[in-house]
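The values are calculated or read from the model by the stated rules, or taken from the named source; none is laboratory data. As the structure is a prediction and not an experimental result, all values here were calculated from the model. Note that each Cβ is placed from the backbone with ideal geometry, even for glycine, and that neighbours are counted across all protein chains shown. When the accessible area is computed, the model is the full protein with side chains, heavy atoms only, and any ligands, DNA or RNA have been set aside. Shrake-Rupley method; radii C 1.70, N 1.55, O 1.52, S 1.80 Å.
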Amino acid sequence: VTAAIRNLRFVPVENRIPVPTTETTTFTLSVNDGYVASPVLDSSTTVEVTAANDAPTISGTIAGLKVYQYSSLRPFVGVTVRDVDDLTLQPLQITVTLNNSTNGFFSSLGGFVSLGNGSYRITGVTAANASIALQDLLFVPTTAERVSPGVPETTTFTIAVDDSFAAPVADSLTTVIA
């Protein structure tokens, strides 16, 4: 029996408790040898688990998207943000920044707010809701009076995801040629 008890292994459910909280699990051991009327109990064995932060991830960004004058496009239509913490419910802050605000702007902001100078932010969203909001952003280039025919302009977008526990994760792969 002692060997069997020593071989028990406790595996907590990953990402179940909010970062950075701690949870204590108490184990109750009950032994009954068949001779004593009530089993012997031991409730003094505990394990303390502290949630560890996992950095969010960004996938599905694409470089070299093309849009023509007087048109618009959704540059993040394939982008997915993931964060496994808190059973995927950890609140995130997403910031999207254009490398040059004169190159265009986003319409159909959804929950995003324009911060000016080509920056847009949404806060307090899950990774799933952040993905949907990013996919809905519509980029409208403003090349009509500034860019000559045959001389395209490239706009680089940076997506930054902040979970408030680690440094923000950033991706600057998405570019639009207008």
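So the values come out like this:
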| read-out | value |
| --- | --- |
| Residue, most open to solvent (accessible area, probe 1.4 Å), within the range 126-162, restricted to residues that are without any contact (Cβ under 8 Å) to a residue 60 or more places away in the chain and assigned to a strand (DSSP E or B) | Thr154 |
| Of all residues in the range 106-125 being aliphatic (A, V, I, L, M) and open to solvent by 80 Å² or more (accessible area, probe 1.4 Å), the one that is farthest from Gln90 (Cα to Cα) | Leu115 |
| Some residue of the range 88-98 being over 17 Å from Asn53 (Cα atoms) and either open to solvent by 30 Å² or more (accessible area, probe 1.4 Å) or in contact with a Cys (Cβ under 7 Å, 6 or more places away or on another chain) (or both) | yes |
| Within the range 39-79, tally of residues that are within 30 Å of Ile177 (Cα to Cα), in a loop (DSSP other than H, G, I, E, B) and within 26 Å of the chain's Cα centre (by Cα) | 12 |
| Residue within the range 48-68 that is at pLDDT below 90, closer than 30 Å to Val147 by Cβ and open to solvent by 70 Å² or more (accessible area, probe 1.4 Å) present | yes |
| Test: residue in the range 163-173 that is of a type outside the set (Val, Ile, Thr), surrounded by fewer than 15 Cβ atoms within 10 Å (Cβ to Cβ) and not in a loop (DSSP other than H, G, I, E, B) | yes |
| Any pair with Cβ under 7 angstrom, 6 or more apart, that starts in the range 57-71 at a residue that is at positive phi and ends at one that is acidic (Asp, Glu) and modelled with pLDDT of 95 or more | none |
| Single residue of the range 80-94 satisfying the filter (of a type in the set (A, V, I, L, M) and on the phi < 0 side of the Ramachandran plot) that is nearest to the chain's Cα centre (by Cα) | Val81 |
| Boolean, Ile17 is open to solvent by less than 60 Å² (accessible area, probe 1.4 Å) and touching a residue at least 24 places away in the same chain (Cβ under 8 Å) | yes |
